[in-house]
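Take a look at the structure set out below.
The values are calculated or read from the model by the stated rules, or taken from the named source; none is laboratory data. What you see is a predicted model; the values in this text were computed from it and never measured. Positions of Cβ are generated from backbone atoms using ideal geometry, with glycine treated the same way; all protein chains shown enter the neighbour counts. Accessible surface is based on the protein model in full, side chains and every heavy atom, while ligands, DNA and RNA are left aside. Shrake-Rupley method; radii C 1.70, N 1.55, O 1.52, S 1.80 Å.
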Amino acid sequence: MEPDTQPYTCATIPPAPVTLDRREGPFGEVVLRERGRHFEIIANGCFLMDTSDGRSERLLIDAALGALPAGRSRPSVLIGGLGVGFSLVRAAGAERWGRIVVVEREQAIVDWHRQGPLDRISGAALADPRTQVLHTDLVAHLRTATERYDALCLDIDNGPEWTVTDDNGSLYSPTGLAHCHDRLTPGGVLAVWSAQPSPAFEQALRNAGFTGVRTEEVAVARGVPDVVHLASRGA
């Protein structure tokens, strides 16, 4: 069950955040905060996401599923980043998906979902027999894994040009995109969440051999829209 996702309006003064947990991990500090009725995840002082909306996280899953060949039965999906759980919940809520694999490198985030406050969002999705959570680094997993997926839905940064840690930058490099290409089945779909459009990343996807490259936007009240970059591996 997802919490109330009504955002604060300009007429509402958001309450001060309350820190629920703070952990130091191999990639730096991660913090879970509660602000009124919403939760926030902060990594190394950088705001990652909160539970105030979630439309773009759900679009990440819906757009990937919609871009798959219509006749593909029970496609598998790898979700890069557990976050606040919206993408996982969306995937588990769609009967068409087969295996759902979530890769999350921060043990703290996994714990917040399994034994902490975020359980109320993702508890049912984590209990779904299709779901498997891998506690590992996404970049390393894509480089070393042999399994192929019908869809890769990646949301580990604020975008290809705004990474949480320097190491994540390699995911969007020619080598990283080649690994993504290799991990997809023929006709498979790569979907990458971003806080802003990136024409340079679209070109990088084309250079990496992806086809059908396009960007879907999620309108926001102010500023540039959130987007999902989509690309397919040729059949």
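At a glance:
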| item | result |
| --- | --- |
| Which numbered condition Thr144 misses (of (1) closer than 22 Å to Ile42 by Cα; (2) free of Cβ contacts under 8 Å to residues at least 24 places away in the same chain) | (1) |
| Unmet criterion (only one of (1) over 15 Å from the mean Cα position of the chain (by Cα); (2) within 23 Å of Gly28 (Cβ to Cβ)) for Tyr172 | (1) |
| Ser56 hydroxyl-bearing (Ser, Thr, Tyr) and in contact with an Asp or Glu (Cβ under 8 Å, 6 or more places away or on another chain) | yes |
| Within the stretch 49-81, tally of residues that are of a type in the set (Gly, Ala, Ser), touching a residue at least 40 places away in the same chain (Cβ under 8 Å) and closer than 12 Å to Arg96 by Cβ | 2 |
| Residue, most open to solvent (accessible area, probe 1.4 Å), within the stretch 116-142, restricted to residues that are under 12 Å from Val89 (Cβ atoms) and among the β-branched types (Val, Ile, Thr) | Thr131 |
| Of all residues in the stretch 155-204 being among the hydroxyl-bearing types (Ser, Thr, Tyr) and part of a loop (DSSP other than H, G, I, E, B), the one that is surrounded by the most Cβ atoms within 10 Å (Cβ to Cβ) | Ser198 |
